[in-house]
1. Which residue out of 99, 106, 27, 127 is farther than 20 Å from residue 147 by Cβ, surrounded by 12 or more Cβ atoms within 10 Å (Cβ to Cβ) and at pLDDT below 90?
2. Of the residues 48, 60, which is out of contact with any strand residue (DSSP E or B) (no Cβ under 7 Å at 6 or more places or on another chain), part of a helix (DSSP H, G or I), at pLDDT 75 or above and surrounded by 12 or more Cβ atoms within 10 Å (Cβ to Cβ)?
């Protein structure tokens, strides 16, 4: 009886050694696979949390604004990654919506700012003091206040 259990243990050990050898021949180690699996689990958990936050943002946009305004708010918010990926020097309303203008999106941008969802970065003409006197109010960019949300977008 002792012999057979020892034999089974050796056969199991041999099988594990063969599996490990096969994995190593393919260019990856068992540790590497385990590390990748842990990374994937963490990544998926983070993506899930980002999706929950995004759903909360969208629910707030619908809840605290009129239907017409919430559509514009969402268009502005959804255009931020596109705006940032281009080499535009300022926020372009036409990217948010065809034919978009300041008068159409002004209230939406103000809503996003007051909700703390975005940050507005204004262009200054010269880097001299006082900076407030150098602000060009027509040129600005919007950034997400939580840059991690860009990965979930």
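1. Details: 99 fails: surrounded by 12 or more Cβ atoms within 10 Å (Cβ to Cβ); 27 fails: surrounded by 12 or more Cβ atoms within 10 Å (Cβ to Cβ); 127 fails: surrounded by 12 or more Cβ atoms within 10 Å (Cβ to Cβ).
From the options 99, 106, 27, 127, the qualifying one is 106.
2. Numbers: 48 fails: surrounded by 12 or more Cβ atoms within 10 Å (Cβ to Cβ).
That would be 60, the only listed residue that is out of contact with any strand residue (DSSP E or B) (no Cβ under 7 Å at 6 or more places or on another chain), part of a helix (DSSP H, G or I), at pLDDT 75 or above and surrounded by 12 or more Cβ atoms within 10 Å (Cβ to Cβ).
The values are calculated or read from the model by the stated rules, or taken from the named source; none is laboratory data. Predicted model, so just to flag it, every value in this text is computed and none were measured. All Cβ positions, even for glycine, are placed from backbone atoms using ideal geometry, and neighbour counts span all protein chains on display.
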